[in-house]
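Inspection log for the structure reproduced underneath, given as structure tokens.
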Amino acid sequence: MCICIPTKIVNMVFIGYPGDKEFIVADAGMPKSSENLLRAARERFGEDSRARSILLTHGHFDHVGSVIELAEEWDCPIYAHPEEMPYVTGKKGYPTPDATVEGGMVAKLSPTFPVDPIDLESWVMAYPEDGTVPHLPEFQWIHVPGHTPGQVALFREKDRLLLSADAFVSTKQEKLYQVATQQFEINGPPAYLTTDWEAAKESVIRLQQLKPEYAVTGHGPAARGEDLQTGLERLVERWEDEVVPDHGRFVEDEE
């Protein structure tokens with residue numbers, strides 16, 4: 001059972017059944033969200049429950065904001081893709097977000113977002129090379145770079161459940177109104193922080209080919225059924241015209 005927990009503008013997920021003493025966490029929300037996340041965990045799994053591990057989809061600040069506090073509380077390992085390791089072991093920061101991409105207020109404010117690396121070296125280890133997910137034998141991890149070099153999605157084939165990270169999202173992230181209202185629309189990754197658009201498209205195609213029935217994206221409401229599948233088809237078909245910015249630092253780098 002997966003339970004999506006919105007933390008301001010980003011989603012994190014508990015994987016486990018109510019009353020279980022141990023569960024799995026995917027991503028770790030915004031900074032200063034740890035108390036709310038711990039409270040939510042206690043309400044669902046019990047006062048003495050704990051996470052067996054924290055699975056990171058990538059290391060952007062809104063996905064690792066409370067990870068240190070959670071790891072300390074639960075004394076649990078953290079997993080990340082090898083290509084994401086420099087950004088989560090204090091060695092390398094992400095590029096400054098690009099405010100010049102067309103969009104709205106969020107895009108214009110994006111250069112204020114934290115990009116310094118977080119240091120998780122005491123807890124973090126790489127996902128197994130064979131694509132398995134520790135403690136979740138029904139899931140596989142899938143490398144979906146583009147938004148970041150080591151971004152991963154998580155997929156459970158038996159019910160075609162996809163945790164897509166920011167490979168695609170279900171609320172357009174560049175515009176403040178859509179973010180504030182959580183307006184549903186299948187969109188590409190946040191443009192101001194996506195550094196490799198060719199890889200990002202290949203990642204969305206890879207996820208579309210899985211034919212997910214239900215998706216929890218990094219941002220926005222859950223998507224399912226025809227809305228999800230037709231949204232992904234449209235996304236791929238109109239990628240160059242509607243997803244890739246007409247201009248911007250990361251677009252110019254590719255040219």
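The values are calculated or read from the model by the stated rules, or taken from the named source; none is laboratory data. What you see is a predicted model; the values in this text were computed from it and never measured. Heads up, the Cβs are rebuilt from the backbone with ideal geometry, glycines too, and the neighbour counts pull from every protein chain shown. Side chains included, ligands, DNA and RNA excluded: accessible areas come from the protein's heavy atoms. Shrake-Rupley method; radii C 1.70, N 1.55, O 1.52, S 1.80 Å.
What is the one condition in (1) over 29 Å from G131 (Cβ atoms); (2) of a type in the set (D, E, K, R); (3) in contact (Cβ under 8 Å) with a residue 40 or more places away in the chain; (4) in contact with a Gly (Cβ under 6 Å, 6 or more places away or on another chain) that E83 does not satisfy?
Tallying (1) over 29 Å from G131 (Cβ atoms); (2) of a type in the set (D, E, K, R); (3) in contact (Cβ under 8 Å) with a residue 40 or more places away in the chain; (4) in contact with a Gly (Cβ under 6 Å, 6 or more places away or on another chain), E83 fails exactly one: (1).
Of all residues in the range 72-94, count the ones that are open to solvent by 30 Å² or more (accessible area, probe 1.4 Å) and in contact with a strand residue (DSSP E or B) (Cβ under 9 Å, 6 or more places away or on another chain).
So the answer is 8.
Filter the range 132-157 for residues that are charged (D, E, K, R) and either assigned to a strand (DSSP E or B) or at pLDDT below 95 (or both) and give the result. Step through it out loud before you land on a result.
Narrowing the range 132-157 to residues charged (D, E, K, R): 138, 156-157.
Within the range 132-157, E138, R156 meet the criteria.
Give the range 13-34 a look and list any residue that's closer than 18 Å to L162 by Cα, of a type in the set (A, V, I, L, M) and touching a Lys or Arg at 6+ places or on another chain (Cβ under 8 Å), or say none.
I24
Which of (1) open to solvent by 20 Å² or more (accessible area, probe 1.4 Å); (2) in contact with a Leu (Cβ under 6 Å, 6 or more places away or on another chain); (3) within 23 Å of S203 (Cα to Cα) does M105 not meet, given it meets every other one?
(3)
So the check is Cβ under 6 Å with 6+ separation or different chains; which pairs have a first residue in the range 237-251 that's in a loop (DSSP other than H, G, I, E, B) and a second one that's among the acidic types (D, E)?
Within 6 Å, the pairs are P245/E102; G248/D98.
Among (1) open to solvent by 40 Å² or more (accessible area, probe 1.4 Å); (2) touching a helix residue (DSSP H, G or I) at 6+ places or on another chain (Cβ under 8 Å), where does M125 come up short?
(2)
In the list P97, P114, which residue meets the criterion of being under 18 Å from the mean Cα position of the chain (by Cα), at pLDDT below 95 and open to solvent by less than 10 Å² (accessible area, probe 1.4 Å)?
Numbers: P114 fails: open to solvent by less than 10 Å² (accessible area, probe 1.4 Å).
Going through P97, P114 in turn, the sole match is P97.
Mind listing just one residue for me: the one in the range 12-31 that is within 12 Å of the chain's Cα centre (by Cα), among the small types (G, A, S) and assigned to a loop (DSSP other than H, G, I, E, B) and, of those, modelled with the highest pLDDT?
Selected residue: A28.
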